[in-house]
Amino acid sequence: MTKKSNKTSYGTSPKIVNIVSSGQFFHELNLDLLVDSLDVKSIEYLPDSYPGMLIKIHETKCHITLYRNGKYIILGGSTIDEIYKTYQVIEDKLKSTGAFESETLKML
């Protein structure tokens with residue numbers, strides 16, 4: 001198999017290095033409780049300066065920002081598979097904390 005060059009006569013062709021995606025869980029999230037109960041190695045939550053919780057997902061090297069209203073942003077992936085794996089990892093971690101067991105289910 002021949003390696004395809006990404007060089008053109010005017011520069012280099014685009015390379016995907018950072019996919020950004022967004023979505024929403026159907027529950028409001030209690031970030032104040034999640035900051036202490038979420039099983040992740042890197043988490044940053046400073047509600048006085050920013051309303052979102054920034055989490056580094058080590059399994060995929062992506063970041064996810066969670067918001068109280070259930071919205072999230074996943075960034076840092078270079079493939080769609082990394083984005084979906086990051087979503088699955090955070091969904092599983094949220095389930096394990098009981099974050100989806102409250103009666104704050106939103107019907108969208």
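Structural remarks
- SER49-LYS15 pseudo-label distance in nm [points 7 Å out on the Cα-to-Cβ vector]: 3.2 nm
- Electrostatic bookkeeping for LEU33 treats Lys and Arg as +1 and Asp and Glu as -1; over the other residues with beta carbon under 14 Å from its beta carbon, the sum is -3.
- Local electrostatic count, LYS95, Cβ distance below 13 Å [Lys/Arg +1, Asp/Glu -1]: -3
- Every helix of 4 or more DSSP H residues in the chain counts as -39500 (n - 2.57), and over all residues that averages to -7500 deg cm²/dmol at 222 nm.
- Gain on full extension, evaluated as 0.36 nm per residue between GLU59 and THR97 minus their Cα-Cα distance, stands at 11.8 nm.
- Projected onto planes of every orientation and averaged, the convex hull of the alpha-carbon atoms in the chain covers 10.0 nm².
- In this simple spin-label approximation, ILE73 and SER22 carry label points 7 Å from Cα along the Cα→Cβ vector, and these lie 0.7 nm apart.
Here, each number is a calculation from the coordinates, and none is a lab measurement. The shown structure was predicted, so the numbers you read here are calculated from the model rather than taken from an experiment. Positions of Cβ are backbone-derived with ideal geometry, glycine not excepted, and every protein chain shown enters the neighbour counts.
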